[in-house]
Amino acid sequence: MSVITPRLGQQLGFIRELDKLKAVYRRTMVKPDNNRQENSAEHSWHIAVQAMTLKEYAEEPVDICRVIKMLLLHDIVEIDAGDTFAFAENTELAGQGEKEMQAAERLFGLLPQEQADEFRALWLEFEQIDSPDARFAKAMDCLLPVIQNMDSEGGTWAKYQVTRSQVLKRNQYLENLAPKLWGYVLEQVDITVRNGWLQDI
């Protein structure tokens, strides 16, 4: 008799499906690996470790375990919905929210009901950015590309002619939530503008 119960079968099915996230490529480049494109699974792991490392800079109390869960789950919907560039035009983003919601229903729906409900709720909390945990998670998601673009001489900022105001708007959650990290972003943005990697607009 198999040890695979219906519950375990659902959980294993979900885990197998996650392998597809490794095939979703972002525009960010991995400098130490010949500037190849980063995949979304790598990104999720990297920001989860970053959040754990930088938790001390959060001004609001955050539950780092919940933050890490959000960060590990937030991009799973890209398996179905694909990745969108952070600074994409509105026309490119049209309908993306609906695609991601449908993806969340399908992908988390592979799990047993209570796990599906928990994971979906964490994903929604991240998307709605309406709690200290979600704000810190969102800030971590935005901060890592700053570091990566700086290490790549402007990276996607230079390639896609991103502006100073776009980068600052994207990282605004840090201003009150983690002022020291916001100061770091301001510093880096000034350097990038001086180097011509970011448009001064």
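The values are calculated or read from the model by the stated rules, or taken from the named source; none is laboratory data. Computed from a prediction, not measured in an experiment: that's the story for all the values here. Heads up, the Cβs are rebuilt from the backbone with ideal geometry, glycines too, and the neighbour counts pull from every protein chain shown. These area figures cover heavy atoms from the full protein model, side chains too; ligands, DNA and RNA do not enter into them. Shrake-Rupley method; radii C 1.70, N 1.55, O 1.52, S 1.80 Å.
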Discussion item. For segment 34-50, which positions are open to solvent by less than 70 Å² (accessible area, probe 1.4 Å) and over 18 Å from Asp83 (Cβ atoms)?
Written reply: Val49, Gln50
Discussion item. Looking at (1) open to solvent by 40 Å² or more (accessible area, probe 1.4 Å); (2) more than 20 Å from Glu78 (Cβ to Cβ), which one does Leu124 not meet, given that it meets all the others?
Written reply: (2)
Worksheet entry | Pair list, Cβ under 6 Å, 6 or more apart: segment 53-65 residue in contact (Cβ under 8 Å) with a residue 12 or more places away in the chain and hydroxyl-bearing (Ser, Thr, Tyr), other residue part of a loop (DSSP other than H, G, I, E, B) and open to solvent by less than 70 Å² (accessible area, probe 1.4 Å) | Tyr57/Ala178
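Yes/no per residue for (1) touching a residue at least 40 places away in the same chain (Cβ under 8 Å); (2) assigned to a helix (DSSP H, G or I):
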| position | (1), (2) |
| --- | --- |
| Gln37 | no, no |
| Ala51 | yes, yes |
| Lys99 | no, yes |
| Leu111 | yes, no |
| Ala121 | no, yes |
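Show me the helices (runs of 4 or more DSSP H) entirely contained within segment 160-201 in which 2 or more residues are over 19 Å from Ile129 (Cα atoms). Give the steps one after another, and end with the answer.
On the way: elements: 164-170, 173-177, 179-195.
By residue number, 164-170, 179-195.
Being touching a strand residue (DSSP E or B) at 6+ places or on another chain (Cβ under 8 Å) and either within 30 Å of Arg194 (Cβ to Cβ) or not in a helix (DSSP H, G or I) (or both) narrows it down to one of Asp83, Asp75, Asp130, so name that one.
Details: Asp75 fails: touching a strand residue (DSSP E or B) at 6+ places or on another chain (Cβ under 8 Å); Asp130 fails: touching a strand residue (DSSP E or B) at 6+ places or on another chain (Cβ under 8 Å).
Checking each option against the conditions leaves just Asp83.
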Discussion item. I'm trying to understand the selection: among the residues of segment 1-22, which are open to solvent by less than 100 Å² (accessible area, probe 1.4 Å) and under 16 Å from the mean Cα position of the chain (by Cα)?
Written reply: Leu18, Leu21
Discussion item. If I filter segment 160-183 down to residues being open to solvent by 70 Å² or more (accessible area, probe 1.4 Å) and touching a residue at least 40 places away in the same chain (Cβ under 8 Å), which single residue comes out as farthest from Ala88 (Cα to Cα)?
Written reply: Lys180
